[in-house]
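Reading through the C-alpha cells given below for one structure.
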Amino acid sequence: MAQGAPLPIEEAQLSAALSAPGACFVTLNSKGELRGCIGSILPRRPLAIDVAANAFAAAFNDMRFPAMTESELPSLEIEISVLSPLTKIADESEAELLRALRPHVDGLVLSDSSRRGVFLPQVWDHLPVPAEFVAALKRKAGFDAWDWPDDMQAERFTVREVGPQPIGAIA
C-alpha cells in the first residue's frame, strides 16, 4: 500500500456536477497496456473526491500491479468512466441476462451474497460476444462457468467517458 493520499479537493470550489455524489472508475494505461483500474459502483461521495481517490488507488493500490513510479508518468494515460445509477436487468437465469444485455453499451455487475464482479462497457472491445463477456465476468467474480446461484443479481450501468488523456496534458 502506498504512502501518501489522493489530491486534496476543495469542495467549496466545485461545480454542482462535481460536488454531487457520483461513482467512477479510473483506468490507467501505460504504453497501451493496463496499468491500474479502481473504481466505485455506488455514489457515496462527491464525484470529484471519488475521481481523486480512485486515481490514487489505481496508481498505488491495484493489487495486480506494483505501485506506480515517477518514471512511468511520461507514458501514462488516464481514462475516467463516470457511472450511471445501477439498474437491475436479470436474475432468473443467464439466458435472461444474455437476452437483456446491450453489447458495447452496458457495464455489468454480477453478485451474490458473497461475491461480486464488475465489467465496464469498454470490456466489450475485448469480449464482444455476450456469452463470453458474461463467462469472463463470472470467472472474475469467482463463479463457476455453469453457476447461477439462487441469489445472483445482475445490474447494468452506462458510463460517460473522459479520456484517455496523457497525464502530462492534465498536470
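Every condition in (1) closer than 25 Å to Glu33 by Cβ; (2) not in a loop (DSSP other than H, G, I, E, B) is met by Ala154 except one, and the failing one is (1).
I need the full set of residues from region 27-81 which are of a type in the set (Val, Ile, Thr) and surrounded by 21 or more Cβ atoms within 10 Å (Cβ to Cβ), in order please. Let's see the steps before the verdict.
Applying the first criterion (of a type in the set (Val, Ile, Thr)) to region 27-81 yields 27, 38, 41, 49, 51, 69, 78, 80.
Thr27, Val51, Ile78, Ile80 - these are the residues of region 27-81 that are of a type in the set (Val, Ile, Thr) and surrounded by 21 or more Cβ atoms within 10 Å (Cβ to Cβ).
When the residues of region 100-135 are filtered to those that are charged (D, E, K, R) and touching a strand residue (DSSP E or B) at 6+ places or on another chain (Cβ under 8 Å), the one that is farthest from Glu79 (Cα to Cα) is Asp112. For region 89-99, the condition holds for at least one residue, the condition being that it is within 25 Å of Gly142 (Cβ to Cβ), exposed (fewer than 14 other Cβ atoms within 10 Å of the Cβ) and touching a residue at least 40 places away in the same chain (Cβ under 8 Å).
Determine if region 52-62 includes at least one residue that is within 16 Å of Ala17 (Cα to Cα) and touching a residue at least 12 places away in the same chain (Cβ under 8 Å).
Within region 52-62, the first condition is being within 16 Å of Ala17 (Cα to Cα), and the residues that meet it are 52.
With the extra rule that they be touching a residue at least 12 places away in the same chain (Cβ under 8 Å), the set shrinks to 52.
Scanning region 52-62 turns up at least one residue that is within 16 Å of Ala17 (Cα to Cα) and touching a residue at least 12 places away in the same chain (Cβ under 8 Å).
What number of residues within region 121-135 are in a loop (DSSP other than H, G, I, E, B) and either in contact with a His (Cβ under 6 Å, 6 or more places away or on another chain) or at pLDDT below 95 (or both)?
Here is the first cut: in region 121-135, the ones in a loop (DSSP other than H, G, I, E, B) are 126-129.
Adding the requirement that they be either in contact with a His (Cβ under 6 Å, 6 or more places away or on another chain) or at pLDDT below 95 (or both) leaves 126.
Residues that pass the stated criteria total 1.
Comparison of Pro85, Pro46, Pro74, Pro21 shows that the only residue that is within 17 Å of Ala5 (Cα to Cα) and more than 12 Å from the chain's Cα centre (by Cα) is Pro46.
What number of residues within region 53-69 satisfy the criterion of being of a type in the set (Phe, Trp, Tyr) and more than 18 Å from Ser40 (Cβ to Cβ)?
Initially, region 53-69 is screened for residues of a type in the set (Phe, Trp, Tyr), giving 56, 60, 65.
Applying the additional criterion that residues be more than 18 Å from Ser40 (Cβ to Cβ) yields 65.
The qualifying residues number 1.
The values are calculated or read from the model by the stated rules, or taken from the named source; none is laboratory data. Keep in mind the model is a prediction, meaning the values are calculated, not measured. Ideal geometry is used to build each Cβ from the backbone, glycine not excepted, and the neighbour counts take in all protein chains shown.
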